[in-house]
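The values are calculated or read from the model by the stated rules, or taken from the named source; none is laboratory data. Predicted model only: the values in this text are computed from it and were never measured. Cβ atoms come from the backbone with ideal geometry, glycine included; neighbour counts cover every protein chain shown. With ligands, DNA and RNA removed, areas are computed over all heavy atoms of the protein, side chains included. Shrake-Rupley method; radii C 1.70, N 1.55, O 1.52, S 1.80 Å.
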Amino acid sequence: MRSNFQLALVLSAFGAAALLVACSREDRILRQPPPANQTINSVQVSGLNPGANSMPTPPPSNMYQESAYAVSEGQKLYEQYNCVGCHAHGGGGIGPPLMDNNWIYGSEAGNIFTTIMQGRPNGMPSFRNRVPEYQAWEIAAYVRSMSGLLPKGVSPGRPDHMSVKPSEASTPPQTPTGITGSPEQHQ
Amino acid sequence: MTTPTKCWLRNLFLPALFLIFFAAYTEVPHAAAQDAMLQPQTEKNYQPHSYQGKVEPDDGQWTRPAKDYASTRYSSLDQINTNNVKNLKLAFTFSTGMTRGHEAAPLIVNNTMYIVTPFPNSLYALDLTKPGAPMKWVYQPLPTPASQGVACCDVVNRGASYDDGKIFYNTLDDQTVAVDANTGKQVWKTQIGDINKGESITMAPIVAKGKVLVGNSGGEFGIRGWLTALDEKTGKIAWRAYSAGPDKDVLIGPKFKPFYPQDRGQDLGVKTWPPDAWKIGGAGVWGWISYDPQLNLIYYGTANPGPWDSEARPGDNKFSSGIFARDADTGEAIWFYQYSPHDLYDYDGVNENILLDLPIKGQTRKVLIHPDRNGYVYVLDRTTGEVLSANPFAPITTSRGVDLKTGLLQYVTEKQPMVGKVVRNLCPTAPGAKDWQPSAFSPRTGLVYIPHNNLCMDEEDVTANYIAGTPYVGANVRMYDAPGGYGGAFTAWDPIEGKVVWSNPDHFPVWSGALATAGDVVFYGTLDGWFKAVDAHNGSLLWQFKTGSGIIGQPVSYKGPDGKQYIAILSGVGGWAGAIVAGGLDPRDESAALGFAAVMKDLPKYTTKGGMLYVFALP
């Protein structure tokens, strides 16, 4: 009796936990995203910190990257805002690849958000007047999934279109190199 | 003289090639094309038709991108010949210090060599009278770095033109500059386009009748294509001819007499598009311009209509993917012919036009020879725009030929790309049977030497979203080698008979220009870095040199101050084909570089980037 009860308890705890995870994966984001200014101010594009004896504060994390819904929205927006025209499906073209481990301006969601909003000098447009902030966060989350930096469960599985590469979910994580504007936090 | 290996290669290649043409009509599976053993179409019986027409007198310099107005890329220097070319040695080198694709032809004027680099488009002058050809000066226009974002296919520049003491060329951020050829000082600079509309400039201008002729790039960015004439003295815009829009913008007036009825009518540049689509319909002018001083006509092609997703632009999309003849003084259109009406495959019409006078059916006709992306070598009457012949030079599955009565390309309905459907085995691919890489013509052999691709692709269209300054494409593409299992070839073509005389296959697309010389040696380079000299008569390899990087430049020949013949080439991989190396692309995504990365995934094993000039001479 007692052991049965214990088992039930354990099971329901598991169930609840599973539900919770599933919830955060599927839920739309209703909370406010981190304010853009705060993000942009805390993003660094150099790993060199003269006189500093500690690492800089990491940019606010992106809750969008825990949501499969947000990531799949990000994937759609990546096509709609023509990121795909310059970066292809991550392999690059006019712009650099986004599915590899080589980052010029940083791989954290905050860095990518900043890249999208401010642009970058060698041909990356500034989408500030085009893309609302919450969408930029969704796109940033999706961009991270391209190099396997998001948990499998939230990364897109099967492509809707002609298959030109392994899906994001089956892309092995590429440990980011390049600048370390903030300590990399990997799942 | 052919070595046994060469013969073997060619014997395999020629029958394969002919079978491919055959297969193109019947859709035989690839394997069949490879193992069938036809008798080689033997060039043994081939009788060269040496050219009876005139070529521009050669002063041993190289002052225009294509050598002469007829665009022959032929040097009448003959010190280097089929016997002694094996002794060719490096004379000097010069590093451009740049790592993107080097597509320009060096110019040689008054014992000075001029080199234009890819972005940031520096212009170097080298003193040929001094040992090692030291630098005289460098001119740096410093185009905005943001312009790199609107260059569809690497930040290349195809070179400059010299006239009246000045060097003229274009910057990626849409400026035309005139630089004093002696001092390197800027004479004028004119902004003629806008990167925020997706415009860039990569083409080499020509100067005719005191005007610098320049066209824009950006068919993948929803630009509105044009050709602009600037006064060579002041840089003021004299006229601009749009490729689409109302007749007055296209400079279509009473003089316009196209040969075929489908090109006649009012405002076809508006009516053959959905409302307003012509305003963002592409049709840039980023290729080559030829000039006939007798007829006083300039000839140039228009690029693909945009977006690639053709369902977004029902209609013939005039005047894209075709050729204009215009009055050199006023820019007025004289005739137009459309190679690929309502283009389905990114078949720009911008490739070179070689102006020749050839005997056609017993009559000498003023013609132009144009190897198009759609896979046919066209021979057009350049006074009227009539198609005299159009024969395939590479595998074709997307069309069944060109109807010589109507001038219409015969598309294959099943091969039409569509939104949401993958259509397979489309040959030629988006970069075409041949892209920008210019051919050469030798009057001694009467042959056209064509560097080209041998590729097929799968395509699925998607609905494109127009946002000014970003790509407007709407297609997922994946390319692969065409039958034969190689990516490109260097082919000698008889323009009168309309057939291949010999062809050297290459692992990769041959993305360099060609140079023909009076020594009967023809030069070209390969994407893996070999600079090759072959026999103009039979293609056999006579000499080769491994440069530091893949070659996509245009070889030129000139007479040095010491009276010797020199051969010069820029090495430095890149361009659309070489973007995988120049841009460090990731080929796990087969759609990278608009689908080119898929077929180039091996290239990084063969070559690395880096721009360097190589100049060769006999000891």
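Checking the structure you have, find out if any residue of the stretch B:265-286 is open to solvent by 10 Å² or more (accessible area, probe 1.4 Å) and closer than 27 Å to B:Tyr69 by Cβ. Yes, there is a match, as at least one residue in the stretch B:265-286 is open to solvent by 10 Å² or more (accessible area, probe 1.4 Å) and closer than 27 Å to B:Tyr69 by Cβ. Look at (1) open to solvent by 10 Å² or more (accessible area, probe 1.4 Å); (2) in contact with a helix residue (DSSP H, G or I) (Cβ under 9 Å, 6 or more places away or on another chain); (3) facing chain A (nearest Cβ under 10 Å); (4) not aromatic (Phe, Trp, Tyr) and you find that B:Glu590 fails only one, number (2). Put simply, of B:Gly198, B:Gly222 the only residue that is within 14 Å of another protein chain (Cβ to nearest Cβ), under 27 Å from B:Gly513 (Cβ atoms) and in contact with a helix residue (DSSP H, G or I) (Cβ under 6 Å, 6 or more places away or on another chain) is B:Gly198.
Condition check: in contact (Cβ under 8 Å) with a residue 12 or more places away in the chain, open to solvent by less than 10 Å² (accessible area, probe 1.4 Å) and of a type outside the set (Phe, Trp, Tyr). Does B:Gly193 satisfy that? Considered against the rule, which asks whether it is in contact (Cβ under 8 Å) with a residue 12 or more places away in the chain, open to solvent by less than 10 Å² (accessible area, probe 1.4 Å) and of a type outside the set (Phe, Trp, Tyr), B:Gly193 comes out as no.
Hey, any hits in the stretch B:79-93 for a residue that's on the phi > 0 side of the Ramachandran plot and modelled with pLDDT of 95 or more? Looking for residues that are on the phi > 0 side of the Ramachandran plot and modelled with pLDDT of 95 or more, one finds none in the stretch B:79-93, hence no. Of everything in the stretch B:464-493 that is among the polar types (S, T, N, Q) and within 9 Å of chain A (Cβ to nearest Cβ), the residue that is surrounded by the fewest Cβ atoms within 10 Å (Cβ to Cβ) is B:Asn465.
Identification of helices (runs of 4 or more DSSP H) wholly contained in the stretch A:70-187 with 3 or more residues that are open to solvent by 20 Å² or more (accessible area, probe 1.4 Å) and more than 12 Å from chain B (Cβ to nearest Cβ) yields A:133-146. Applying the set (1) open to solvent by less than 10 Å² (accessible area, probe 1.4 Å); (2) closer than 30 Å to B:Phe616 by Cα; (3) in contact with a Lys or Arg (Cβ under 9 Å, 6 or more places away or on another chain); (4) not acidic (Asp, Glu) to B:Thr176 leaves exactly one unmet item: (2). In the stretch B:217-273, of all residues being among the aliphatic types (A, V, I, L, M) and within 30 Å of B:Ala181 (Cβ to Cβ), the one that is nearest to the chain's Cα centre (by Cα) corresponds to B:Leu227.
State all residues of the stretch B:312-328 that are in contact with a Gly (Cβ under 9 Å, 6 or more places away or on another chain) and open to solvent by 10 Å² or more (accessible area, probe 1.4 Å); if no residue qualifies, say none.
Within the stretch B:312-328, B:Ala312 is the sole residue that qualifies.
Given the criteria open to solvent by 20 Å² or more (accessible area, probe 1.4 Å), in contact (Cβ under 8 Å) with a residue 40 or more places away in the chain, assigned to a strand (DSSP E or B) and aromatic (Phe, Trp, Tyr), does B:Trp188 qualify? No: the conditions fail for B:Trp188. Of all residues in the stretch B:562-578, those satisfying the criterion of being open to solvent by 10 Å² or more (accessible area, probe 1.4 Å) and either on the phi < 0 side of the Ramachandran plot or touching a Gly at 6+ places or on another chain (Cβ under 6 Å) (or both) are B:Asp562, B:Lys564, B:Tyr566, B:Trp576. Looking across the stretch B:147-184 at every residue that is among the hydroxyl-bearing types (Ser, Thr, Tyr) and away from chain A (no Cβ under 14 Å), the one that is farthest from the chain's Cα centre (by Cα) is identified as B:Thr183.
Considering B:Ala568, B:Ala592, B:Ala577, B:Ala598, the condition of being within 20 Å of the chain's Cα centre (by Cα) and closer than 30 Å to A:Thr171 by Cα is satisfied by B:Ala577 alone. Just checking, does the stretch B:483-492 include any residue being in a loop (DSSP other than H, G, I, E, B) and touching a Cys at 6+ places or on another chain (Cβ under 6 Å)? No. Among the residues of the stretch B:151-169, those identified as open to solvent by less than 10 Å² (accessible area, probe 1.4 Å) and either in contact with a helix residue (DSSP H, G or I) (Cβ under 9 Å, 6 or more places away or on another chain) or under 10 Å from B:Ile201 (Cα atoms) (or both) are B:Ala151, B:Val155, B:Val156, B:Asn157, B:Tyr169. The C-beta contact set for the stretch B:395-424 (first residue within 14 Å of chain A (Cβ to nearest Cβ) and more than 14 Å from B:Arg373 (Cβ to Cβ), second residue among the aromatic types (Phe, Trp, Tyr) and buried (at least 21 other Cβ atoms within 10 Å of the Cβ), distance under 9 angstrom, 6+ apart or interchain) comprises B:Pro417/B:Trp308; B:Pro417/B:Tyr345.
Within the stretch B:561-587, the set of residues being assigned to a loop (DSSP other than H, G, I, E, B) and touching a residue at least 12 places away in the same chain (Cβ under 8 Å) comprises B:Pro561, B:Lys564, B:Gly572, B:Val573, B:Gly574, B:Gly583, B:Leu585, B:Pro587. B:Ala582 satisfies every condition listed in (1) facing another protein chain (nearest Cβ under 9 Å); (2) touching a strand residue (DSSP E or B) at 6+ places or on another chain (Cβ under 8 Å) except (1).
Matching residues to (1) closer than 24 Å to B:Pro205 by Cβ; (2) surrounded by fewer than 24 Cβ atoms within 10 Å (Cβ to Cβ):
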{"position": "B:Gln338", "(1), (2)": "no, no"}
{"position": "B:Glu352", "(1), (2)": "yes, no"}
{"position": "B:Arg373", "(1), (2)": "yes, no"}
{"position": "B:Tyr376", "(1), (2)": "no, no"}
{"position": "B:Leu380", "(1), (2)": "yes, no"}
{"position": "B:Lys421", "(1), (2)": "no, yes"}
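Annotation: B:Met457 fulfils all but one of (1) open to solvent by 10 Å² or more (accessible area, probe 1.4 Å); (2) in contact (Cβ under 8 Å) with a residue 40 or more places away in the chain; (3) within 14 Å of another protein chain (Cβ to nearest Cβ); the unmet one is (1).
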